[in-house]
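The values are calculated or read from the model by the stated rules, or taken from the named source; none is laboratory data. Small disclaimer: the values here were computed from a predicted structure and weren't measured. Please note: Cβ atoms are built from the backbone with ideal geometry, for glycine as well, and neighbour counts cover all protein chains shown.
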Amino acid sequence: MFKKLFLGTTEINFKVLGGKFYKIFIVEAVLFIAVIVGSLTGLLNMNLSVDFTGGTTYQLDTPYTDEDISDILSNTILEVSRYQTFENSNTIIFRAVESTQDNETQFLNYLSNKFDVVTNEIEFQRVGPTFGQDITEKGIRALVIFLTLIALLISLRYEYRYSLIALAALLHDLLLTFSIYVLIGLEITPSTVIALLTILGYSLYDTVILFDKLKDTQKSFKISNLTSDVLNKTFNEVLMRSINTSLTSAIPIISIIVIGNFLGIEGNLADFAIPLLIGIVSGTYSSIFVTVPFLSKIIKSN
């Protein structure tokens, strides 16, 4: 089986498989809607960073232990959303949610007593949500323009139904990544938003390549309409290519996460690399198992 997969000579009936995965897609869509509704109504926690919600940061230079960090994370004065340390350095940064001035002052004194550091040596800064809001607004604006242009280009290159399928696969990848973040409780930062926008390009690239291969196969069959034979031949040939593309893209990103964790700078890198990794895996899945069900419907309508 692996040899056939590697050579692109598998004989999977994607026409039949499409009907089964169409039902799975409907279930996924319902789950995505449930997660979105749950996050908007507060039933599910959307863990937004201080860049979106506002908050405070505390930076100090002092020796510390893992037990010290655990104590601070479990303190009852102020909720600490995350911390950041650096390799070969005593610098540590704590980020806390927005609170009252009294709580912020109490937490500052708590850090001072905990590490025996005068308060003047602790860099304290209030962070407003403006930065996160700006990125969100620009991201949504760019997303609308991007999707509109892509839909037009795909419609001109292939047909309008192909553009709808590509957008469905793209939205699947974005909503899957968002749902994982909400359900697991990972922190959503501006870097996460940038990674989500990066996923758009990867998802569409993989899908459009498949569409182009479908068009070439139709030419080899000397037919103008999509048929079961064209669908099966195309996807059996490109299945291994999609898997290899995903693996070669995922390995460097996994390396970034591992190296970042080793160097103690995982906060900045992970915010970008983790959603990108999820999006790449999801993009490979959707380019086959989201596009196939809809392409199967096109065959039925021809």
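Data overview
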read-out: Filter result for ILE72 (of a type in the set (A, V, I, L, M), more than 17 Å from GLN101 (Cβ to Cβ) and touching a residue at least 12 places away in the same chain (Cβ under 8 Å)); value: yes
read-out: Of the criteria (1) acidic (Asp, Glu); (2) modelled with pLDDT of 80 or more; (3) at negative phi; (4) surrounded by fewer than 17 Cβ atoms within 10 Å (Cβ to Cβ), which one ASP116 fails; value: (3)
read-out: Subset of the stretch 28-55 (residues that are crowded, with 17+ Cβ neighbours inside 10 Å, farther than 28 Å from GLU104 by Cα and of a type outside the set (Asp, Glu)); value: PHE32, VAL35
read-out: Residues within the stretch 1-30 that are among the hydrophobic types (A, V, I, L, M, F, W, C), touching a helix residue (DSSP H, G or I) at 6+ places or on another chain (Cβ under 7 Å) and either under 20 Å from ASP173 (Cβ atoms) or modelled with pLDDT of 70 or more (or both), tallied; value: 5
read-out: Contacts under 6 angstrom Cβ, first residue in the stretch 75-88 being under 16 Å from PHE52 (Cβ atoms), partner part of a strand (DSSP E or B), 6 or more apart; value: GLU79/VAL97; SER81/ARG95; SER81/VAL97; ARG82/ARG95
read-out: Test: residue in the stretch 120-143 that is in contact with a Ser or Thr (Cβ under 8 Å, 6 or more places away or on another chain), part of a helix (DSSP H, G or I) and modelled with pLDDT of 85 or more; value: no
read-out: Qualifying residue in the stretch 108-128 (condition: closer than 18 Å to PRO190 by Cα and within 24 Å of the chain's Cα centre (by Cα)); value: no
read-out: Residues of the stretch 215-231 that turn out to be more than 11 Å from PHE14 (Cα to Cα) and in a helix (DSSP H, G or I), as a count; value: 7
read-out: One residue from ILE77, ILE140, ILE72, ILE145 being among the hydrophobic types (A, V, I, L, M, F, W, C) and touching a Phe, Trp or Tyr at 6+ places or on another chain (Cβ under 6 Å); value: ILE77
read-out: Checklist (1) hydrophobic (A, V, I, L, M, F, W, C); (2) surrounded by fewer than 20 Cβ atoms within 10 Å (Cβ to Cβ); (3) touching a Pro at 6+ places or on another chain (Cβ under 9 Å) applied to VAL182, failing item; value: (3)
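Conditions (1) surrounded by fewer than 16 Cβ atoms within 10 Å (Cβ to Cβ); (2) outside the structural domain of LEU214 (by TED's automatic domain parsing), marked per residue:
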{"site": "GLY19", "(1), (2)": "yes, no"}
{"site": "PHE25", "(1), (2)": "no, no"}
{"site": "THR76", "(1), (2)": "yes, yes"}
{"site": "PHE94", "(1), (2)": "no, yes"}
{"site": "VAL97", "(1), (2)": "no, yes"}
{"site": "ASP102", "(1), (2)": "yes, yes"}
{"site": "ASN109", "(1), (2)": "yes, yes"}
